[in-house]
1. Against the longest principal axis of the chain, how steep is helix 212-226, in degrees 0 to 90 to the nearest 10, with axes from Cα atoms?
2. Size of the dipole of the chain about the Cα centre, Lys and Arg at +1 and Asp and Glu at -1 on the beta carbon, nothing else charged, in debye to 20?
3. Tabulate in residue order the Karplus-calculated ³J(HN,Hα) for the stretch 10-26, using 6.51 cos²θ - 1.76 cosθ + 1.60 with θ = phi - 60°, rounded to whole Hz; enter x for Gly and Pro.
4. Compute the acute angle (0 to 90°) between the alpha-carbon long axis of helix 196-210 and the principal axis of greatest extent of the alpha-carbon atoms of the chain; round to the nearest 10°.
5. If R₀ is 25 angstrom, what is the calculated FRET efficiency for the pair SER57 and ASN13, using the beta carbon separation as r and rounding to 0.05?
6. Please report the base-10 log of the normalised intensity I(q)/I(0) for the chain, using a Debye sum with one equal scatterer per alpha carbon and no solvent, at each q in 0.15 (1/Å).
Amino acid sequence: GNGRVGAIAWSQNGLTMQVSAVDSSQQTAFSAGLVSFTTNPALDAGNPTPTFQQRLSMYDGTLATKYGTDHTVTIVGAPNSEVIGLHVADTRAGVTSATVDVSLWDVSALGNSGNVPNLDTWKNVTTWSESGSAGLSRGQQDANDFGYSLGATVEGAPFTTQMVDGSHVRLTITPSASYTIWIAAATRLNAPNNDSVTQAKAALALTAQAGFASTFAAYESFWHGVW
C-alpha cells in the first residue's frame, strides 16, 4: 500500500485482496471490502503448471505475482492518495477476458464492538456502475464523518461495468498486453463535503489520466525515500 490504503493479498480465484483504508472507520474490523482479479483462461492455468513466484519488495512497496514467463500482476500504489493498483503484463495468446470484482461480505448482522454511533449506516451498502468506474459505499451517515467508497477503473484496456447485486460490482475487461486496474478507497473524512463517492471517482480518473508509468515512478520514489 501507500500508507493510506493497503491490502492483504492472496491467490484464490485468481488474485484476491482485502482492502483497508486508514480513515475509513472508527474500528479496523470494518475493512473496506474485497477486490478479486481473474482472467479467462485462469491466471494459473497451464499444462504443465507454470512456474509461480510471488515476491514482496519492501524497498519498492510492491507485490509481484509471476505466473511463468508471460504474465505478471504487480500490486502498486499512487503516493499521497487513497489509490492502489494492479498492473497486469500479460502476453499470453488466447486470453479472452479479465474480470475485477469489488464486493463486500454480508454485513447485515454486523455487531458493534467499537465506538460507532450509528451501526445501521455500516450495514447499509450502496453501489454505482458507470462507464468510467464502479464501486460500493458504506457508512455514509456516520455522525463522526467516517465512511468510505471502494471503487475501481481500468487504464490501458476497454472495459464495461455492471452491478451484480447490492454489495457487488464487476468490471469486465477486454485485455491488452499491458493495463492497470486502479482501486480507490476514498474516505468521507478526507473528502470535500465528506462526499466519498465523488472523491473516489475523481481519484480514479486522475490516477488513470496520469498513467501507470509516471504514477509508478513517483510511487517507487516515495518508498525509496521512506527507507
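Each value in this text was obtained by applying a stated rule to the coordinates, not by laboratory testing. For clarity, every value in this text was computed on a predicted model and none was experimentally measured. Counting neighbours? That spans all protein chains shown, and the Cβs are built from the backbone with ideal geometry, glycine included.
1. Roughly 70 degrees between the two axes.
2. 180
3. Going residue by residue, I get 8, 9, 8, 6, x, 10, 10, 10, 9, 9, 9, 10, 4, 10, 6, 8, 6 Hz, with x marking Gly and Pro.
4. 30
5. About 0.55, to the nearest 0.05.
6. -0.96
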